[in-house]
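*Asks:* Pasting a structure below so you can have a look.
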Amino acid sequence: MDPRAGPPSAAARESPGLGRPLSEVAGREPLFVEPTATVADVALAMREGHCSCAVVTSRPLGIVTNGDLARVVAERRPPDTPVGQLMSSPVHTLPASAPLIRALLLMLDEGIEHVLVMRGERVTGVVTDVDVMRQQSASPLLVADRIRRAGAGGPHALGDLSADLAGVAAALLADGIDGLRIAAVVAGLRDALTARMLQLAVQELGPPPGQYAWLALGSQGRMEQLLHSDQDTALAFAEPAGEAGEYFPALAQRVTDGLAAAGVPRCPGGFMATNWCRPLGEWQRTFLGWLDEPNARGLLDAQVFLDLRPVGGELDVGVLDRTLARGRHRPGIQLALAQTARRFTPRTRRFRLVRADRLGPDEPKLRGTVPIVLLGRLYGLAAGSSERTTAGRMRAAADANLISADTADTLLDAYAVLLTVRLRTELGGGDPAPLSAPQRRELQGALHAVRSALQASALAFPNPG
């Protein structure tokens, strides 16, 4: 199960849109075909049944879509080709009880248009991208399609996507989707944007002289981006040979410029591939230095890179994951992370109540989401987990008995609330959005959960005295 998805929020459960269970959306029985059925017969059955796909009853199951049939024509394959030769397998599935938002996230993550709906081991329906778009006034799938269709003209060809993303976020928020899930959607669209920018840049520069990996860091690496999140990126490439020393910096410059032109702000701290473009071996040595000698500057850099996730290129960067996993046995960096997190403890007022009535515009971030992210990094590192999302890290920490399952769930609920508050502020032009009495109580409860978790961390990772 995707750790970003989780159970639907109360608002989502009551909302008719993306909170609807898939069983209500996929109302029609899917078309089933044998793997030995011919392309011609399946195409005819799909046309007569007005179906955009057919489920192939192979083991494991497969799927054939209109796109697959078009590929058969383009490749001039004979019409008696068995569909078992062109189907996609294994298929992407979700349970019938899952909310539609999970299908949306899966489509964005995998670049697919169909998700099979299951009751136990039985396929009961298919949810398509069209089904998702019907539930929304501004669909992220339409934005993703616009990104994929961006034509020639280099990385600047796409234009500013800020208004599109704001429209998507506002529509999801109005549909009762919480900030954590919306952040995953925004990050998925930024992934698609990055991949397209890389394609356009390679069209300009020519094929790369070796393998590389474009790395998302920070909130994009964690799949937790909001509208104003800036670029946090890096580039790793195979050991330099020949023109690699010139090609990859040029690639980094074009993609960074293209992302900025599309509305993704440059990182004020310089965490961009234009500044962090290195051979893989050099990256490994840098990571070892951060873990072995966690000084103040190194810790600042290391925290952002704890979130790294490849979003483009073919270079295997697993060695960096294995290097970071050594942090489980480095109490120095764990202690430094814990101390940093506690610097952002929410303030209290009289009678030690957490302040939530007069928060400044930056408080939900500085006293809310930032310490939760830092605790996620700390506990993920201490658990030796390769998870990148905050949800995944918290659950890995609970599995390792570093925190209780209740604490993990409480912090993730608080994270969703705080991201929602931040998103409302961003959509409001930067001014804190007015909160109803229930929303104020929810925010106060979230900040209290953060404060309690930070105080508990002092027991496991005490300040040196």
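The values are calculated or read from the model by the stated rules, or taken from the named source; none is laboratory data. What you are looking at is a predicted structure, and each value in this text was computed from that prediction instead of being measured. Backbone-built Cβ (ideal geometry, glycine too); neighbour counts: all protein chains shown.
Conditions (1) in the same structural domain as Thr389 (by TED's automatic domain parsing); (2) free of Cβ contacts under 8 Å to residues at least 24 places away in the same chain; (3) surrounded by 23 or more Cβ atoms within 10 Å (Cβ to Cβ); (4) in contact with an Asp or Glu (Cβ under 6 Å, 6 or more places away or on another chain), marked per residue:
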position	(1), (2), (3), (4)
Arg190	no, no, yes, no
Leu193	no, no, yes, no
Gln199	no, yes, no, no
Glu204	no, no, no, no
Ala238	no, no, no, no
Ala244	no, no, no, no
Arg254	no, no, no, no
Leu259	no, no, yes, no
Thr274	no, no, no, no
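*Asks:* Also, I was wondering about something else. From Ala5, Ala54, grab the single residue that is at pLDDT 95 or above, out of contact with any Asp or Glu (no Cβ under 7 Å at 6 or more places or on another chain) and not assigned by TED's automatic domain parsing to the domain that holds Thr390.
*Replies:* Just one listed residue meets the conditions, Ala54.
*Asks:* A further question follows. Of the residues Arg28, Arg76, Arg102, Arg71, only one is farther than 20 Å from Val123 by Cβ, of a type in the set (Lys, Arg) and either touching a residue at least 60 places away in the same chain (Cβ under 8 Å) or in a helix (DSSP H, G or I) (or both); which?
*Replies:* One residue alone meets the criteria, Arg71.
*Asks:* Shifting gears a bit: Return yes or no: is Gln220 touching a helix residue (DSSP H, G or I) at 6+ places or on another chain (Cβ under 9 Å), closer than 22 Å to Ala150 by Cα and at pLDDT 95 or above?
*Replies:* Values: touching a helix residue (DSSP H, G or I) at 6+ places or on another chain (Cβ under 9 Å): yes; closer than 22 Å to Ala150 by Cα: yes; at pLDDT 95 or above: yes.
Criteria met by Gln220.
*Asks:* Further, regarding this structure: Quick one: would you say Thr194 is hydroxyl-bearing (Ser, Thr, Tyr) and under 30 Å from Leu235 (Cβ atoms)?
*Replies:* Answer is yes for this residue.
A quick yes/no check of all residues on (1) of a type in the set (Asp, Glu); (2) in contact with a Leu (Cβ under 8 Å, 6 or more places away or on another chain); (3) more than 24 Å from Ser386 (Cβ to Cβ):
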site: Pro207; (1), (2), (3): no, no, yes
site: Gly218; (1), (2), (3): no, no, no
site: His228; (1), (2), (3): no, no, yes
site: Pro249; (1), (2), (3): no, no, yes
site: Val255; (1), (2), (3): no, yes, yes
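*Asks:* Right, next: Which residue pairs have Cβ atoms under 7 Å apart, sit 6 or more places apart or on different chains, and have a first residue in region 129-149 that is part of a loop (DSSP other than H, G, I, E, B) and buried (at least 20 other Cβ atoms within 10 Å of the Cβ) and a second that is small (Gly, Ala, Ser) and at pLDDT below 85?
*Replies:* Gln136/Gly17
*Asks:* Given (1) more than 21 Å from Ile147 (Cβ to Cβ); (2) without any contact (Cβ under 8 Å) to a residue 40 or more places away in the chain; (3) not basic (Lys, Arg), where does Leu299 come up short, assuming only one miss?
*Replies:* If we test Leu299 against (1) more than 21 Å from Ile147 (Cβ to Cβ); (2) without any contact (Cβ under 8 Å) to a residue 40 or more places away in the chain; (3) not basic (Lys, Arg), just (2) comes out false.
*Asks:* Can you pull out every residue in region 101-128 that is more than 15 Å from Gly188 (Cβ to Cβ) and either buried (at least 17 other Cβ atoms within 10 Å of the Cβ) or not assigned by TED's automatic domain parsing to the domain that holds Val64 (or both)?
*Replies:* Across region 101-128, the qualifying residues are His114, Leu116, Val117, Met118, Val123, Thr124, Gly125, Val126, Val127, Thr128.
*Asks:* Could you check region 289-341 and list, in sequence order, the residues that are farther than 18 Å from Cys277 by Cα and β-branched (Val, Ile, Thr)?
*Replies:* Thr323, Ile333, Thr340
*Asks:* Considering only region 53-66, state which residues are surrounded by 14 or more Cβ atoms within 10 Å (Cβ to Cβ) and under 31 Å from the mean Cα position of the chain (by Cα).
*Replies:* Residues satisfying the conditions are Cys53, Ala54, Val55, Val56, Leu61, Gly62, Ile63, Val64, Thr65, Asn66.
*Asks:* For region 215-313, list the helices (runs of 4 or more DSSP H) that sit wholly inside it and hold at least 1 residues that are under 23 Å from Leu108 (Cβ atoms); which are they?
*Replies:* Details: elements: 218-221, 244-261, 280-292, 296-305.
Once the helices (runs of 4 or more DSSP H) in region 215-313 are filtered for at least 1 residues that are under 23 Å from Leu108 (Cβ atoms), what remains is 218-221, 244-261.
*Asks:* On to the next question. Please go through region 33-52 and pick out each residue that is part of a loop (DSSP other than H, G, I, E, B), in contact (Cβ under 8 Å) with a residue 12 or more places away in the chain and either under 36 Å from the mean Cα position of the chain (by Cα) or surrounded by 14 or more Cβ atoms within 10 Å (Cβ to Cβ) (or both). Outline the logic, then answer.
*Replies:* Quick first cut of region 33-52, residues part of a loop (DSSP other than H, G, I, E, B) only: 34-37, 49-52.
Within this subset, residues satisfying the condition of being in contact (Cβ under 8 Å) with a residue 12 or more places away in the chain are 34-37, 49, 51-52.
If the condition is that a residue be part of a loop (DSSP other than H, G, I, E, B), in contact (Cβ under 8 Å) with a residue 12 or more places away in the chain and either under 36 Å from the mean Cα position of the chain (by Cα) or surrounded by 14 or more Cβ atoms within 10 Å (Cβ to Cβ) (or both), then Glu34, Pro35, Ala37, Gly49, Cys51, Ser52 are the ones that fit.
*Asks:* Could you tell me whether region 78-94 includes any residue that is more than 30 Å from Leu172 (Cβ to Cβ), β-branched (Val, Ile, Thr) and not assigned by TED's automatic domain parsing to the domain that holds Gly188?
*Replies:* So far as region 78-94 goes, yes, one or more of its residues are more than 30 Å from Leu172 (Cβ to Cβ), β-branched (Val, Ile, Thr) and not assigned by TED's automatic domain parsing to the domain that holds Gly188.
*Asks:* Please work out if Leu116 is closer than 17 Å to Gly67 by Cβ and touching a Pro at 6+ places or on another chain (Cβ under 8 Å).
*Replies:* Taking the combined requirement at face value, the residue satisfies it.
*Asks:* Condition first: surrounded by fewer than 20 Cβ atoms within 10 Å (Cβ to Cβ), at pLDDT 90 or above and in a helix (DSSP H, G or I). Can you find one or more residues in region 83-90 that meet it?
*Replies:* Yes, the conditions are met somewhere in region 83-90.
*Asks:* What about Asp160, is it buried (at least 19 other Cβ atoms within 10 Å of the Cβ) and either at pLDDT below 95 or not assigned by TED's automatic domain parsing to the domain that holds Val417 (or both)?
*Replies:* Working: buried (at least 19 other Cβ atoms within 10 Å of the Cβ): no; either at pLDDT below 95 or not assigned by TED's automatic domain parsing to the domain that holds Val417 (or both): yes.
Spelling it out, it is not the case that Asp160 is buried (at least 19 other Cβ atoms within 10 Å of the Cβ) and either at pLDDT below 95 or not assigned by TED's automatic domain parsing to the domain that holds Val417 (or both).
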